[in-house]
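Engineer: Quick one: the structure is below, and I'll ask about it shortly.
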Amino acid sequence: MRTYILSFVLVMCTLGLFAQSKANTTDIQIGAIYEIGKPKTNMYKYINFPKPNMIIKRGGIANYKLIKGSIVVVTSVKKKKDGTTIAKIKRKDGGRFFGSHAVITTDINNALQWGELIAK
């Protein structure tokens, strides 16, 4: 009897954790407007900015401080098999990131959660 009660409790806890993890996802629309925020660490983790050497090779200036506060628009959204939502973003003013890249990809749910993107 004790094993039945223990297994019932474990099943209920597992189902409760699964329900909580699915409730946090948001529905991202194409055309949604966000602002690039300050990352918690030195580098952006969930916004896939190119490495500085690739920015310089394409004729841009690798200054990540100028990116903070930029207004961006979601151009496409793709859901991967592992459950992450990948979105392509571009600057609202039509400019390029670092003067070299027009579109950047991001894991949008994690970027919103960690403050790298802020909803406008």
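Engineer: Expressed in nm², what is the orientationally averaged projection area of the convex hull enclosing the Cα positions of the chain?
Structural biologist: Working: hull surface 38.2 nm².
Average projection, Cα convex hull of the chain: 9.6 nm².
Engineer: Restricting to DSSP H runs of at least four residues, report the calculated mean residue ellipticity at 222 nm for the chain, -39500 (n - 2.57) per run over all residues, nearest 500 deg cm²/dmol.
Structural biologist: Taken over the chain, the calculation gives -8500 deg cm²/dmol.
Engineer: Taking neighbour counts of Cβ atoms within 10 Å as a proxy for exposure, in what order, fewest first, do Ile36, Ile118 appear? List each step's numbers first, then the result.
Structural biologist: Working: Ile36 24, Ile118 13.
Fewest to most other Cβ atoms nearby, the residues stand as Ile118, Ile36.
Engineer: Something else about it: Measuring from label point to label point, each 7 Å out along Cα→Cβ, what is the Glu35 to Arg96 span in nm?
Structural biologist: Going by the 7 Å Cα→Cβ label model, 2.7 nm.
Engineer: A further question follows. Could you sort out which of Lys45/Lys120; Lys40/Lys90; Lys57/Lys81 sit more than 29 Å apart by Cα distance in this structure? List each step's numbers first, then the result.
Structural biologist: Working: Lys45/Lys120 21 Å; Lys40/Lys90 22 Å; Lys57/Lys81 33 Å.
From the list (Lys45/Lys120; Lys40/Lys90; Lys57/Lys81), the Cα-Cα distance tops 29 Å for Lys57/Lys81.
Engineer: What is the extension gain from Tyr64 to Val9, computed as 0.36 nm multiplied by their sequence separation minus the C-alpha to C-alpha distance, in nm to one decimal? Display every interim value, and only then the final one.
Structural biologist: Numbers: separation 55, 0.36 × 55 = 19.80 nm, distance 4.86 nm.
Full extension from Tyr64 to Val9 adds 14.9 nm.
Engineer: Please determine, in degrees from 0 to 90 and to the nearest 10, the orientation of helix 2-23 with respect to the longest principal axis defined by the Cα atoms of the chain, where the helix direction is its Cα long axis.
Structural biologist: Once rounded, the angle reads 20 degrees.
Engineer: Work through the residues other than Lys68 whose Cβ is under 11 Å from its Cβ and net out their charges, Lys, Arg +1 and Asp, Glu -1.
Structural biologist: Details: positive: Lys38, Lys65; negative: Glu35, Glu116.
Combined, the nearby Lys, Arg, Asp and Glu give 0.
Engineer: Same structure again: How would you order 76-86, 105-115, 53-63, 4-14 from highest to lowest mean count of nearby Cβ atoms within 10 Å?
Structural biologist: Result, highest mean Cβ count within 10 Å first: 105-115, 53-63, 76-86, 4-14.
The numbers here are math on the coordinates, done by the rules we state, and not lab data. The model shown is predicted, which means the values in this text are computed figures rather than measured ones. Backbone-built Cβ (ideal geometry, glycine too); neighbour counts: all protein chains shown.
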